[in-house]
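**Q** Below you'll find the structure I mean.
The values are calculated or read from the model by the stated rules, or taken from the named source; none is laboratory data. These numbers come from a predicted model, not from an experiment. Backbone-built Cβ (ideal geometry, glycine too); neighbour counts: all protein chains shown. When the accessible area is computed, the model is the full protein with side chains, heavy atoms only, and any ligands, DNA or RNA have been set aside. Shrake-Rupley method; radii C 1.70, N 1.55, O 1.52, S 1.80 Å.
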Amino acid sequence: MDSNILPIYLYGADVLRETAREADLSDREHIATLVEEMKNTLKSADGCGLAAPQVGVSERILIVDGTVVADVYDYLKDFRRTMINPVLLEESKEQCTYSEGCLSVPGIYAEVRRPSKIKVEYYNEDLEKVTEE
């Protein structure tokens with residue numbers, strides 16, 4: 001598999017404004033290559049999350065690597081996920097606030113309020129369906 005580093009599209013790029021389409025699960029080679037390249041890109045950028053539209057691909061695929069922030073959030077030391085076609089099933093009424101940045105908006109951080117807990121369904125890298133909270 002090619003281990004390229006992909007360009008990260010910056011705020012204002014059209015692909016970031018589109019509603020991403022579902023990834024075609026039958027195209028395993030495309031998904032495997034894209035996921036590998038996204039992981040390499042995320043590592044190279046020293047980020048903790050990257051969605052396919054941020055690398056110019058309007059598909060519902062995202063990579064999360066909590067190990068990058070484990071020094072601040074110890075519970076994320078082993079948290080790595082690849083989510084393909086994720087669907088939010090539930091969210092808590094309770095909210096939490098974190099300071100967050102975005103690789104597509106470099107150098108900008110903001111306090112973001114989100115549900116404290118969510119339940120999500122997605123396909124992992126092996127294209128197995130996963131449901132987790």
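**Q** Excluding ligands, DNA and RNA, what is the solvent-accessible area per residue of the stretch 48-133 at a probe of 1.4 Å, expressed in Å²?
**A** 62 Å²
**Q** Roughly what % of DSSP beta bridges within the chain run antiparallel, to the nearest 5?
**A** 95 percent
**Q** Moving to a separate point now. So for each of 20-30, 45-55 I average, over its residues, the number of other beta carbons within 10 Å; can you give me the resulting order with the highest mean first?
**A** 45-55, 20-30
**Q** Do you know the relative contact order of the stretch 1-98, to the nearest whole percent, from alpha carbon pairs under 8 angstrom that are 6+ apart?
**A** Relative contact order, the stretch 1-98: 26 percent.
**Q** Oh, and also: Of all the accessible heavy-atom surface of the chain, with the other protein chains kept in place and a 1.4 Å probe, what percent is carbon and sulfur? Walk me through the numbers before you get to the answer.
**A** On the way: 4220 of 8660 Å².
Here carbon and sulfur together make up 49 percent of the probe-accessible area.
**Q** Still on this structure, I have one more. With n ≥ 4 as the cut-off for DSSP H runs, can you work out [θ] at 222 nm for the chain, using -39500 (n - 2.57) per run divided by the number of residues, rounded to the nearest 500?
**A** -4500 deg cm²/dmol
**Q** Ranked highest first by the average count of other Cβ atoms within 10 Å around their residues, in what order do 78-85, 67-74 fall?
**A** For the peptides 78-85, 67-74, the packing ranking is 78-85, 67-74.
**Q** Would you list, by chain and number, the lysines whose Cα falls below 22 Å from the Cα of K43, excluding same-chain residues fewer than 8 positions away?
**A** K77
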